[in-house]
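Here is the structure we will look at, set down as structure tokens.
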Amino acid sequence: MGPALRPIAGAIGGGDEGSDEDDSTQRDEEGPLLRPLPATVDGGDKQNSPSGKGGRPQDYRPLSIEGGDAAVTEDPHAAGLGGSLPSAALGIVKGMVGPAILYLPHGFASAGYLVAIPVLMLSTSLFLWSSGCLLECWRSESERINKRRLDGGRVRLSYPELAYCAFGSTGERLVQVGISLMQSGVCLTYLIFVPQNLRASTLLLLGWDVSTTWMLLFMVLIQIPLSWIRDIRRLTVTNLLANILISYGLLICLGFAADSMVAERTEESFLQEAIHRAEALPAFNPSGWFLFLGTSVLLFEGSITLLVPLQEAVQTDSDRRTFPTMYRRVILSIVSFYAFFGMTCWMAFGNEVRTVMTTSLPPGTMATTVQLAYSLAVVFTFPLQNFPSLEIVCNLVEQMVGGGDKHDRDGLGNWRRNAVASTLIVALSIVALLTMDDLDKVVSLMGSLLGIPLAFVLPPLIQNQLGKGHVQEVNQCMNIAVATLGAAAMAVSSTTTILNWE
């Protein structure tokens with residue numbers, strides 16, 4: 001996942017100021033019953049929760065409202081993203097381009113171009129269809145809910161909220177758990193990625209072959225205190241630095257790839273050398289093609305969860321109407337760059353390119369700077385990726401132990417949250433230690449088992465449920481086909497990955 005301020009609607013911690021206002025339950029005659037609007041925003045008192053019994057996590061904001069006396073701040077994961085269309089486009093790029101692109105050359109090599117290119121195109125098509133479903137659901141539900149408000153405020157929806165409107169608490173919880181597991185899975189890949197990069201760097205710079213276990217321990221010791229930060233907006237500067245470092249790394253990797261083809265050409269031109277190498281690439285790899293199914297989904301790095309908050313953040317009505325078209329164009333541009341990057345680096349470094357592509361770069365100072373830059377970028381990105389799942393886990397623990405008043409959260413509650421955060425990172429590090437040599441399989445499993453349901457299966461089903469009587473029959477059939485294809489791909493890819501795990 002790229003170093004974007006990732007949204008997970010409702011998973012907001014770090015505020016203690018609540019409103020004492022009380023909004024009544026809203027119901028539209030043509031739609032489902034919505035839960036009572038929250039009386040508090042960021043950590044309101046237990047007795048002021050919508051249920052009156054603190055039944056929902058205190059820091060969970062079911063329906064956020066802007067305008068009037070009920071104005072609240074936006075989800076900090078989407079802070080600084082959106083507003084204008086250019087800003088929203090930048091948010092899409094920040095949310096999607098990250099370390100996962102480095103897994104692509106190995107993914108191409110594992111599958112062969114006859115599988116990799118069509119699968120990447122199919123994944124992109126399914127993703128764009130599903131994102132269109134989610135945006136259409138947001139448009140219709142937002143209009144339906146907000147037209148009945150008389151106080152000048154505006155209800156802001158999210159992916160989990162749309163799932164709630166369609167399938168109730170079960171649907172909402174399913175999306176929340178899915179996002180939490182997906183973000184934890186991305187963090188797991190980071191805990192494998194960084195130790196492998198740092199090991200290669202220290203071996204070249206210092207001549208020390210330090211075990212990845214020690215490098216993993218080093219990263220865990222850094223991430224534990226960073227996970228104690230409750231206001232994620234404090235990491236805005238490090239997030240910007242991570243984006244700069246990733247951009248630098250990608251450009252240098254392409255430079256190495258081009259240099260490799262220039263250095264080894266004989267009498268041929270650069271273009272002829274590239275064509276010659278492309279013709280020599282295997283069309284199909286029977287031993288690893290299935291891994292690319294999940295990898296192609298993880299490339300989107302949870303962008304589906306960023307979609308609705310970005311649409312909400314666009315300010316003018318004309319820009320909001322233009323946003324879906326702009327979103328598709330940006331996604332297509334990013335995927336085109338992904339394909340170019342993956343093919344170019346595969347041609348340059350051959351079928352032996354490693355899962356972490358930076359460890360396949362020719363030894364030298366420049367390659368080491370890329371490895372260190374990417375490692376530092378991931379270290380900065382990790383707290384942002386871990387934040388959504390951490391907040392959900394902490395809220396569930398808070399419910400189970402019964403701690404809910406303001407004084408408890410300011411005192412003992414912080415210690416309890418820090419303990420949960422530390423435990424979560426230690427648990428992920430143990431899994432990372434056990435799968436350190438199987439990053440390609442971890443990436444595939446995360447994409448297929450967790451990414452496909454969130455990106456391909458649930459959005460079409462949500463639209464069919466919310467659009468009963470309004471969605472055309474052709475679109476309903478397409479939604480069912482997309483969801484079925486996604487479920488089949490999830491089953492095939494997950495099963496084959498697990499069965500071939502050595």
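The values are calculated or read from the model by the stated rules, or taken from the named source; none is laboratory data. Computed from a predicted model, the values in this text were never measured in an experiment. Neighbour counts are summed over all protein chains in view; Cβ atoms, including those assigned to glycine, are modelled from backbone coordinates with ideal geometry. With ligands, DNA and RNA removed, areas are computed over all heavy atoms of the protein, side chains included. Shrake-Rupley method; radii C 1.70, N 1.55, O 1.52, S 1.80 Å.
What the table shows:
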{"quantity": "Cβ crowding within 10 Å averaged over residues, with 456-466, 480-490 ranked highest first", "calculated": "456-466, 480-490"}
{"quantity": "Accessible-area ranking of S110, S125, largest first, probe 1.4 Å", "calculated": "S125, S110"}
{"quantity": "Diffusion coefficient, µm² s⁻¹, Stokes-Einstein with Kirkwood Rh over alpha-carbon pairs of segment 342-466 at 37 °C and 0.692 mPa s", "calculated": "177"}
{"quantity": "Portion, in percent, of the accessible area of segment 88-210 that falls on carbon or sulfur, probe 1.4 Å", "calculated": "66"}
{"quantity": "Label point distance in nm, K468-M326, each placed 7 Å from Cα along Cα→Cβ", "calculated": "3.6"}
{"quantity": "Among 387-397, 467-477, 331-341, the order from most to least packed when residues are scored by Cβ within 10 Å on average", "calculated": "387-397, 331-341, 467-477"}
{"quantity": "Hull volume in cubic angstrom per residue (convex hull over the Cα atoms of segment 219-314)", "calculated": "218"}
{"quantity": "Translational diffusion of segment 127-192, µm² s⁻¹ [Kirkwood Rh, Cα pairs; Stokes-Einstein; 25 °C; 0.890 mPa s]", "calculated": "180"}
{"quantity": "Relative packing of 238-245, 201-208, which averages over residues the other C-beta atoms within 10 Å, highest first", "calculated": "238-245, 201-208"}
{"quantity": "Difference of contour (0.36 nm per residue) and Cα-Cα distance, M366 to A481", "calculated": "36.6 nm"}
